[in-house]
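Here the structure comes first, spelled out in structure tokens, and everything after it is commentary.
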């Protein structure tokens, strides 16, 4: 049941406990308890929102994907340097990956200069960081499983057999 | 034609009533404003992308010609494999399987292949609107067997036996059922199979909703019961489980001599099912299961929401175990199913289908499709509740 609740939250984190209860045929109290347990056990670490930045009027956020090569440390592997990077507010996502580089970051800032400044002044000067490769995001097509901008409404017949 | 008043339409077609759904469709289409429709009989999902993409790739490769009359061999091989592993019946892909333009065509050619004028076809009611018409168009005589709310709309052998006559030739089944959502348990199904064998009936089983069963219920096909394979035509397709209604692709499996007879009609009337759709259907069977299960789970959740809401507002609604329709009892409102559907549409802009459209025994019920977005279901239930309350005040 916990997984079913989690799947509903993954789909829509604003879902109410009443709706969770209705959909999974459980009581509201039970739904509420499962959600609280998920939060308490840090399985659910937070709730966020998917924003179509391109549709915002005015200032838009600038995002970059940054590939980082690091030297793993003897007493902490990649974790020590990863934690150090993760604590910067500019870093939205951070993962250790296999392949040609070690860490993949999503960095967000208000301007291109801000992100560039973060990379040159903060990120690349951290001890253990060997190199960085920054790709600025030009247009987003999909985030967290939702396609952005190109989902057309398609009208079905209103009544059919 | 102008002045020519002569009626050229064949008498048995002229006598055929138009579908009750069609009539209601016109009414809904003429409504302005924010109509929420629970009146559809198809998934609200778009076909999973891997399936669509296979169709596109098929076109890109230039596969735009006819296929074998029976259907693409690779598809027929996948179909018999799928039936074997999910329904536990073995068919030879070479001569016991035919790919059709949806189950609708499969049903049509099955009827035409089996029926001589005057043969009786027994079918359960409430049922899919095409059944009695299909039987009539094939010059058979439709004999409806009612199913009852007290049996959760399953067919019982005790009821069926009363409708069997020496002229009975075919028994047409559709479980999980449109419009009731009923399923058959093994005991009743065995009883039906015994009667079919005893009275030498051919069974046409339309199992288009068979993947869509809920609460861990196992779907049983009558074709898998002992002695039934040789007298059963198994109809299935891709429309409901894989959300592929518009692709129009289905199939029939059965004894070689019956499939061969159906093939003759299909060959002359249709030639072959749509090539693009057939290639997409291969992808559905090979890699479509995960997406299908996800859709099924989603239907199940929406069913829970809808059925609970109906019971809470005082419209008794059995928990359907299959398909994607709720079939609440609306007799407590004092209205007929048509009055209810019309009143609800006019007062609250919610479209449901009157149970009477599915045969006389559907009277007193309405069909509400829960393959509709959850937010629309919540809103529709709110509006239906207001309508039901307004009925009680009168």
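Report, to the nearest 10°, how far helix B:289-312 tilts away from the longest principal axis of the Cα atoms in chain B, using its own Cα long axis and a range of 0 to 90°.
30
Suppose only helical runs count, i.e. DSSP H with n ≥ 4. What mean residue ellipticity at 222 nm does that imply for chain B under -39500 (n - 2.57) per run, divided by all residues and rounded to the nearest 500 deg cm²/dmol?
My calculation for chain B gives -13000 deg cm²/dmol from helical runs alone.
Taking the alpha-carbon centroid of each part, what is the distance from region B:57-88 to region A:64-118 in angstrom?
48
Assign one of three labels to the protein assembly as shown, namely rounded, prolate or oblate, based on the Cα gyration tensor with a ≥ b ≥ c the square roots of its eigenvalues; rounded applies when a/c is under 1.5, prolate when it is not and a/b is larger than b/c, and oblate otherwise.
Since a/c reaches 1.5 and a/b is larger than b/c, the shape of the protein assembly as shown is classed as prolate.
Ignore the peptide's own chain and count Cβ atoms of other chains within 10 Å of each Cβ in B:39-46; give me the average, rounded.
Taking all residues of B:39-46 together, the mean is 3.
Full-extension gain between residue A:39 and residue A:96, please, as 0.36 nm times their residue separation minus the C-alpha to C-alpha distance.
Gain in length upon complete extension: 18.1 nm.
Any chance you could run the full-extension gain for residue B:336 through residue B:162? It's 0.36 nm times the residue separation minus the Cα-Cα distance, nm to one decimal.
Extending this stretch completely gives an extra 59.9 nm.
In which sequence would B:127, B:369, A:160 go, from the one with the fewest C-beta neighbours within 10 Å to the one with the most?
A:160, B:127, B:369
Let me know the shape class of region A:93-140, please: from the alpha-carbon gyration tensor, a ≥ b ≥ c as square roots of the eigenvalues, rounded when a/c is under 1.5, otherwise prolate if a/b is greater than b/c, or oblate.
Oblate.
Any idea what diffusion coefficient chain A gets from Stokes-Einstein, in µm²/s, Kirkwood Rh on alpha carbon pairs, 10 °C, 1.306 mPa s? List each step's numbers first, then the result.
Values: Rh = 19.1 Å.
After rounding, the answer is 83 µm²/s.
Between A:33, A:90, A:143, find the one with the highest GNM mean-square fluctuation for chain A; connect C-alpha pairs within less than 10 Å.
Its mean-square fluctuation being the largest, the pick is A:33.
Rounded to the nearest 0.05, what FRET efficiency is calculated for residue A:54 and residue A:122 with R0 set to 22 Å and r the Cβ-Cβ distance?
The calculated FRET efficiency here is 0.20.
Ignore the peptide's own chain and count Cβ atoms of other chains within 10 Å of each Cβ in B:219-230; give me the average, rounded.
Going residue by residue through B:219-230 and averaging, the value is 0.
Which angle from 0 to 90°, rounded to the nearest 10, does the C-alpha axis of helix B:275-287 make with the longest principal axis of chain B?
So the helix axis and the longest Cα principal axis differ by about 80 degrees.
Could you order the peptides B:186-196, B:6-16 from most to least packed, using the average number of other C-beta atoms within 10 Å per residue? List each step's numbers first, then the result.
On the way: B:186-196: 18.8, B:6-16: 9.0.
Top of the packing list down: B:186-196, B:6-16.
Under a GNM of chain A (C-alpha, springs under 10 Å), which listed residue has the highest mean-square fluctuation: A:40, A:80, A:61?
Its mean-square fluctuation being the largest, the pick is A:40.
Rounded to the nearest 0.05, what FRET efficiency is calculated for residue B:149 and residue B:34 with R0 set to 30 Å and r the Cβ-Cβ distance?
Details: r = 32 Å, r/R0 = 1.07.
After rounding to 0.05, the efficiency reads 0.40.
Using the Cα gyration tensor of region B:154-232, with a ≥ b ≥ c the square roots of its eigenvalues, what is the shape: rounded (a/c below 1.5), prolate (a/b larger than b/c) or oblate (neither)?
The shape class here is prolate.
Run the simple label-point estimate for residue B:392 and residue B:360 please: 7 Å along Cα→C-beta, distance reported in nm.
If labels sit at residue B:392 and residue B:360, their model points lie 3.2 nm apart.
Tell me the label-point distance for the pair residue B:5, residue A:133, using the 7 Å Cα-to-Cβ offset, in nm and rounded to one decimal.
Going by the 7 Å Cα→Cβ label model, 8.5 nm.
Over 36 Å apart: what share of the alpha carbon pairs of chain B falls there, rounded to a whole percent? Before the final figure, lay out each step's value.
Details: 18872 of 77421 pairs.
Percent of Cα pairs beyond 36 Å in chain B: 24.
Would you kindly calculate the mean projected area, averaged across all directions, of the convex hull enclosing the Cα atoms of region A:53-138, in square nanometres? If you can, show how the numbers build up before the last one.
Numbers: hull surface 23.0 nm².
Mean projected area of the Cα convex hull: 5.7 nm².
Do the sum for chain A: with -39,500 (n - 2.57) for every DSSP H run of n ≥ 4, divided by all residues, what is the mean residue ellipticity at 222 nm, to the nearest 500 deg cm²/dmol? The partial results should precede the final answer.
On the way: 5 runs with 45 residues, N = 161.
Counting only the DSSP helices, I get -8000 deg cm²/dmol.
For region B:138-156 and region B:174-191, compute the distance between their C-alpha centroids and round to whole Å.
Taking the Cα centre of region B:174-191 as reference, the centre of region B:138-156 is 11 Å away.
Could you work out which residue, out of B:183, B:35, B:366, moves most in a Gaussian network model of chain B, that is, has the largest mean-square fluctuation with Cα springs under 10 Å?
Between B:183, B:35, B:366, it is B:35 that shows the largest mean-square fluctuation.
Between 0 and 90 degrees, rounded to the nearest ten: what's the tilt of helix A:2-11 against the longest Cα principal axis of chain A?
80
Please compute the length gained on full extension between residue A:153 and residue A:28, using 0.36 nm multiplied by the number of residues separating them and subtracting their Cα-Cα distance.
Taking residue A:153 through residue A:28 to full extension adds about 41.7 nm, to one decimal.
Read-outs throughout are calculated quantities, based only on the coordinates presented, and are distinct from any laboratory measurement. Computed from a predicted structure; not experimentally measured. Glycine gets a Cβ as well: all are built from the backbone with ideal geometry, and neighbour counts include every protein chain shown.
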